[in-house]
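Take a look at the structure set out below.
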Amino acid sequence: MSTLAARQLVIDIPEREDGTPLDFTIQPGEIWAILGPNGAGKTTLLHTLAGLKAPRKGEVALNDQSLNQLRRKQIAREIAVVFQERQDGFPATVLETVLIGRHPYMAPWDVETAEDLELARAALERTQLSALEDRLVSTLSGGERQRLALATALCQQPAIWLADEPGNHLDLRHQVEAMKLFANEADVGRAVLLCLHDLNLAARWCTHILLLYPDGRACWGAADKMLERSALEKLYRQQLTETQVDGRRYFVPATDRIDD
Amino acid sequence: MAAVEALRRRSVPLLFLSAASLFCIALSVTVGSVAISASDLWAVLSGGGEPLHQTLIMELRLPRSLAAFATGGLLAVAGALMQVLLRNPLADPYVLGLSGGAAVAALLSMLSGLPPFIVSIAAFGGALGSAVLVFGLSHGRGSWTTTRLLLTGVVVSSGWGAVITFMLAVGPTEQLPGMLYWLMGDLAYARSPWPALIILALTSIILLPLGRSLNVLARGPMQAAALGVAVRPLEWSIYGSASLLTASAVTTAGSIGFIGLVVPHMLRLVLGNDQRLILPAAALTGGALLVLADTLARTIIAPEQLPAGVITALLGVPTFLYLLYRSR
């Protein structure tokens, strides 16, 4: 059970005004979505929250301790990051790739134990990749690689998930499977934060929403309050049509763009 | 059980490579102007044998063979490290201008008529100087990236290349053969093998526990940091140790090409890409290959000797192309 908090946080995007200092806490069991148009700084915010990029102002606190005071290894035992872009580096198999999720828990001389292998195989199972265990990563499809990244993070057993566009390259079913995975993680007390482009995934699965505007302004709160059609239209500068299915709100782009 | 299995998976190839290395060294000390049989070799090693054999083995062939082994090992490990650091399969120990810096300093001291001992020290200083220069330049105002490091290294290397060509052009004719042999890499001038061997052993021991972190780093600095690797300190120590390894190799035998580029790749094609296995395997394979190459270099057209660097390239190119062609 861990919390991740932004305290008067201003992310560092060159030549941009400070905008709204971010001040929120992600509690165990919550699923947050960061929504915003291209270039709003969603990825920069995610990397800043993970401690991978220094903020311009303010700080990020993991369990009330500033990330600056923690060693990378301690952070990695709590926070897993699923990146939007990945480097393949040198050839590696699917199983080898998942196993590196155990790295934060191992001393330099340790070799992977049976338990590590079990965790890795369980992570592959949960992402429907078991059959591909011995395949080289370079031979996988985009969607399979995306699931492999999720599996690696699962194997890391984080208390906090930070995932950048986890639905990228995934087909409809696997998008839903991925969101279910996050929901299950939240159910067992993990905190989840996702950068999303799909409003409807956010509306269906997330408990909290943060809207990030290209000029640095931001607002955040409970999902049902934040998902207002007019706010979203301003955010994306795109007219939306709102509908209700089974009592839930969904948003579909209308054809005309708003000119401001 | 998995741990035991993993250890066994790693120790089998390493045991095989150790045996092969010993065999290569034994072979190299028995071959030459005076052939020595296996039984004579054994007699010398157990403290007896004929005085001629003793001198040949203990004072001439074994030190040279060990120097070749150390140099090859240093280069192969340095190459493997550079490839991980720069995440670029084309990287070799010399990619950041180390051999150029060493060569310029060594040739300068040859031209000044300094004794061989000073030439070695100059080469060592030149290599490390070039490493510091490239690192400093690519560091710029605090944000070096691997692309920038690579590009700086390549440009500095070609700068050294121009200086070397200039020195060869204006150097006195009688010094040219010595200078050329140095540039091609030659073990005939290798003195005591011990400094190189000790550096190889020490860095191997220091690097082994970093193997898994290197595996993670190979997936990119962001991913590595997210998995708990302190990326900058790790990159600095790789850069520093690879430079030290290369400088020692260049000091021992001049710039021997190809081993540092090709041995890590050959091993990756055969053994996979776990640095915990690749690094020690590179030390053994690089060493054994250079011992073989040097043995060939001094026997093929005996009593004339070829620079070992020529043989490493002539043997390495087809072997590597074959492995690459056969691989997935």
Within region B:285-310, the residues that are in a helix (DSSP H, G or I) and among the small types (Gly, Ala, Ser) are B:Gly286, B:Gly287, B:Ala288, B:Ala293, B:Ala297, B:Ala308, B:Gly309
In region A:235-256, anything in contact (Cβ under 8 Å) with a residue 24 or more places away in the chain, surrounded by 14 or more Cβ atoms within 10 Å (Cβ to Cβ) and out of contact with any helix residue (DSSP H, G or I) (no Cβ under 7 Å at 6 or more places or on another chain) is listed as A:Leu235, A:Tyr236
Contact list, first residue from region B:152-177 and in contact (Cβ under 8 Å) with a residue 24 or more places away in the chain, second anywhere and in a loop (DSSP other than H, G, I, E, B), beta-carbon distance below 6 Å, six or more apart or interchain, is B:Gly153/B:Val95; B:Gly153/B:Leu96; B:Gly153/B:Gly97; B:Val156/B:Gly97; B:Ser157/B:Gly97; B:Trp160/B:Gly97
Among A:Leu124, A:Leu154, A:Leu150, A:Leu181, the single one that is in the same structural domain as A:His47 (by TED's automatic domain parsing), farther than 24 Å from A:Leu49 by Cα and out of contact with any His (no Cβ under 9 Å at 6 or more places or on another chain) is A:Leu124
Reported set for region A:131-152 where residues are part of a loop (DSSP other than H, G, I, E, B) and β-branched (Val, Ile, Thr) is none
- Query: For region A:162-178, does any single residue satisfy the condition of being over 21 Å from A:Leu199 (Cα atoms), aliphatic (A, V, I, L, M) and within 13 Å of chain B (Cβ to nearest Cβ)?
  - Reply: no
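Residues checked against (1) surrounded by 13 or more Cβ atoms within 10 Å (Cβ to Cβ); (2) at pLDDT 85 or above; (3) not in a loop (DSSP other than H, G, I, E, B):
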residue	(1), (2), (3)
B:Val4	no, no, yes
B:Arg8	no, no, yes
B:Pro13	yes, yes, yes
B:Ser18	yes, yes, yes
B:Ile25	yes, yes, yes
B:Val34	no, no, no
B:Asp40	yes, no, yes
B:Val44	yes, no, yes
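Scan region B:89-96 and tell me whether some residue there is within 14 Å of chain A (Cβ to nearest Cβ), buried (at least 24 other Cβ atoms within 10 Å of the Cβ) and either at pLDDT below 85 or in a helix (DSSP H, G or I) (or both).
There is at least one residue in region B:89-96 that is within 14 Å of chain A (Cβ to nearest Cβ), buried (at least 24 other Cβ atoms within 10 Å of the Cβ) and either at pLDDT below 85 or in a helix (DSSP H, G or I) (or both).
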Checked region B:86-102 for anything touching a helix residue (DSSP H, G or I) at 6+ places or on another chain (Cβ under 7 Å) and more than 18 Å from B:Ala127 (Cα to Cα); matches are B:Leu86, B:Arg87, B:Asn88, B:Pro89
Going through (1) without any contact (Cβ under 8 Å) to a residue 24 or more places away in the chain; (2) within 9 Å of chain B (Cβ to nearest Cβ); (3) not basic (Lys, Arg) one by one, A:Tyr105 fails only at (1)
Those residues of region A:19-51 which are away from chain B (no Cβ under 14 Å), buried (at least 18 other Cβ atoms within 10 Å of the Cβ) and under 21 Å from A:Leu181 (Cα atoms) amount to A:Ile26, A:Glu30, A:Ile31, A:Trp32, A:Ala33, A:Ile34, A:Leu35
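Being part of a helix (DSSP H, G or I) and either buried (at least 24 other Cβ atoms within 10 Å of the Cβ) or not hydroxyl-bearing (Ser, Thr, Tyr) (or both) is the requirement here; does A:Gln128 meet it? Give the derivation first.
Numbers: part of a helix (DSSP H, G or I): no; either buried (at least 24 other Cβ atoms within 10 Å of the Cβ) or not hydroxyl-bearing (Ser, Thr, Tyr) (or both): yes.
No, not satisfied.
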Residues of region A:52-94 being within 14 Å of chain B (Cβ to nearest Cβ), assigned to a loop (DSSP other than H, G, I, E, B) and touching a strand residue (DSSP E or B) at 6+ places or on another chain (Cβ under 9 Å), in sequence order, are A:Leu52, A:Leu70, A:Phe83, A:Gln84, A:Glu85, A:Pro91, A:Ala92
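Restricting the search to region B:211-234, which residues are under 17 Å from B:Arg10 (Cβ atoms), at the interface with chain A (Cβ under 8 Å from one of its Cβ atoms) and not basic (Lys, Arg)?
Start the filter on region B:211-234 by keeping residues that are under 17 Å from B:Arg10 (Cβ atoms), which leaves B:211-215.
When the remaining residues are screened for being at the interface with chain A (Cβ under 8 Å from one of its Cβ atoms), the result is B:212-213, B:215.
Correct list: B:Ser213, B:Asn215.
Quick one: in region A:54-67, which of the residues that are in contact (Cβ under 8 Å) with a residue 12 or more places away in the chain and over 17 Å from A:Thr44 (Cα atoms) is nearest to the chain's Cα centre (by Cα)?
In the first step, residues of region A:54-67 are kept if they are in contact (Cβ under 8 Å) with a residue 12 or more places away in the chain; the result is A:54-64, A:67.
If we keep only those that are over 17 Å from A:Thr44 (Cα atoms) too, we end up with A:62-64.
On the way: A:Leu62: 16, A:Asn63: 19, A:Asp64: 21 Å.
This residue is A:Leu62.
Is it the case that B:Leu208 is over 18 Å from B:Val95 (Cβ atoms), more than 14 Å from chain A (Cβ to nearest Cβ) and out of contact with any strand residue (DSSP E or B) (no Cβ under 7 Å at 6 or more places or on another chain)? It would help to see each step written out before you state the result.
On the way: over 18 Å from B:Val95 (Cβ atoms): yes; more than 14 Å from chain A (Cβ to nearest Cβ): no; out of contact with any strand residue (DSSP E or B) (no Cβ under 7 Å at 6 or more places or on another chain): yes.
Answer is no for this residue.
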Practice item. Evaluate region B:20-27: report whether one residue or more is farther than 24 Å from B:Gln275 by Cα and among the polar types (S, T, N, Q). Key: no
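Quick one: would you say B:Ser237 is surrounded by fewer than 24 Cβ atoms within 10 Å (Cβ to Cβ) and either in contact (Cβ under 8 Å) with a residue 12 or more places away in the chain or within 14 Å of another protein chain (Cβ to nearest Cβ) (or both)? Lay out the reasoning, then the answer.
Values: surrounded by fewer than 24 Cβ atoms within 10 Å (Cβ to Cβ): yes; either in contact (Cβ under 8 Å) with a residue 12 or more places away in the chain or within 14 Å of another protein chain (Cβ to nearest Cβ) (or both): yes.
Spelling it out, B:Ser237 is indeed surrounded by fewer than 24 Cβ atoms within 10 Å (Cβ to Cβ) and either in contact (Cβ under 8 Å) with a residue 12 or more places away in the chain or within 14 Å of another protein chain (Cβ to nearest Cβ) (or both).
From B:Leu261, B:Leu197, B:Leu267, B:Leu176, which residue is within 14 Å of chain A (Cβ to nearest Cβ) and not polar (S, T, N, Q)?
Values: B:Leu261 fails: within 14 Å of chain A (Cβ to nearest Cβ); B:Leu197 fails: within 14 Å of chain A (Cβ to nearest Cβ); B:Leu176 fails: within 14 Å of chain A (Cβ to nearest Cβ).
Just one listed residue meets the conditions, B:Leu267.
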Checked B:Ala282, B:Ala313, B:Ala242, B:Ala249 against criteria (assigned to a helix (DSSP H, G or I) and within 14 Å of another protein chain (Cβ to nearest Cβ)); the one match is B:Ala282
key: So A:Ala178, is it surrounded by 20 or more Cβ atoms within 10 Å (Cβ to Cβ) and modelled with pLDDT of 95 or more   = yes
Of the residues in region A:229-247, those that are small (Gly, Ala, Ser) and part of a loop (DSSP other than H, G, I, E, B) come to A:Gly247
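The values are calculated or read from the model by the stated rules, or taken from the named source; none is laboratory data. It should be emphasised that the depicted structure is a prediction, and the values quoted were computed from it without experimental measurement. Note: ideal-geometry Cβ built from the backbone for every residue, glycine included; neighbour counts use all protein chains shown.
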